[in-house]
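The values are calculated or read from the model by the stated rules, or taken from the named source; none is laboratory data. This one's a predicted model, so the numbers in the text were calculated from it and none came from an experiment. Methodologically, a virtual Cβ is constructed for each residue, glycine included, from the backbone with ideal geometry; neighbour enumeration extends over all protein chains shown. These area figures cover heavy atoms from the full protein model, side chains too; ligands, DNA and RNA do not enter into them. Shrake-Rupley method; radii C 1.70, N 1.55, O 1.52, S 1.80 Å.
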Amino acid sequence: MMNRLPVRRQAQRVGTLWENDEDRIMAFADVEGERIFTDRNNAGNGPVLVLIHGAGGDHAHWPEALRRLPGVRVYAPDLPGHGQSGGNGRQSVEDYATFVDGLVSGLGLENVTLAGHSLGGAIVQTLALRAPRWLSRIILVGTGARLRVHPDIIRGILAAPEETIARVCQWSFGPTASESLIRSVREGLLQTAPEVIHGDYSACNQFDVTDWLADISLPALVISGDADRMTPLKYGQHLARNIPGATSSVIEGAGHMMGLEKPDALIRCIRAFLKTGPGCKDAPEQARDMADRTDAV
């Protein structure tokens, strides 16, 4: 359990190789000796949105239409050891936050809106508490102030990775998700080393900033799915109640992987926040009451 504020560390400048492909730019940046992949669009001088994916995932867990959002400079890195990035996965949220700080600072980005899904949301909260000068607003998607992981996942990801990942995928989607979508995500997770995923879930399991939420002073949007079994709706409600001035959005029928299940709704919420600050309301008010009847995985 975290019992102190995350430390602020000095970021290092990174060397970057950009490869252009029409509206897409693929970046390989050297961050402290690790070759890191970042998917980004070609939006000129628009506002900056950086997307941090969740445990075991990669940039493609964010919908492509969000990564190509017109008029917004969107950066979606693969964390170390994930996707197309080299390097090693981390064992703590604080270490991942230090990595993200180094990447964003090294790329010279300013006035950044930082969005994080699940583990990525924990990373974003940690950085919000550190308050680096480049960070201006945060978006928390399917995450919580603490992220306890079912012990069967912690144990099984190394002992029986295929079976455990299949279980995680079944828990990660809402009732309307297609089998083809679930299968696609499962196959993608199987490309990540089990040791990396184990480190990600261990980092989540140790994460707890419950006592520090009131110290987050940045504008914040919390987005939850009302069918999320991994981080139930009550997690998002707690964030929205305890981060000063936070706004919240609930996506009806969405599970944990709401960016892939309900991409249009997620994009609508984020676009509204980027333009005006508040989010959107995709679920009826009674959906918020489901939180009291939902247990965490």
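When every alpha-carbon pair in the range 99-231 is counted, what percent end up more than 21 Å apart? Here the tail beyond 21 Å accounts for 48 percent of pairs. Spelling out what I want: for every residue of the range 66-83, take phi, set θ = phi - 60°, compute 6.51 cos²θ - 1.76 cosθ + 1.60 (Karplus), and round to whole Hz; glycine and proline get x. With coefficients 6.51, -1.76 and 1.60, one gets 6, 5, 10, 4, x, x, 10, 7, 10, 10, 10, x, 8, 4, x, x, 10, x Hz.
Taken along the Cα-to-beta-carbon direction at a fixed 7 Å, the label points for Gln170 and Phe28 span 4.0 nm. Taking amide H as placed 1.01 Å from N in the peptide plane, Tyr75 has its amide H under 5 Å from the amide H of Leu49, Val50, Leu51, each at least 5 places away in sequence or on another chain.
For the range 132-200, relative contact order (Cα pairs under 8 Å, six or more residues apart, normalised by length) works out to 34 percent. Computing FRET efficiency as 1/(1 + (r/R0)^6) for Glu195 and Asp95, where r is the C-beta to C-beta distance and R0 is 22 Å, gives about 0.90. Accessible area per residue for the range 134-275, computed on protein heavy atoms with a 1.4 Å probe, is 40 Å². Report note on the peptides 263-272, 219-228: ranked by the mean count of other C-beta atoms within 10 Å, highest first, their order is 219-228, 263-272.
With no solvent and one point on each alpha carbon, what is the Debye value of log10 I(q)/I(0) for the range 30-105 at q = 0.14, 0.23 Å⁻¹? These q points yield log10 I(q)/I(0) values of -0.43, -1.06. With each label modelled as a point 7 angstrom along the Cα→C-beta vector, the Ala131-Ala160 pair spans 4.8 nm. Subtracting the Cα-Cα distance of Arg241 and Asn42 from 0.36 nm times their residue separation leaves 68.0 nm of extension gain.
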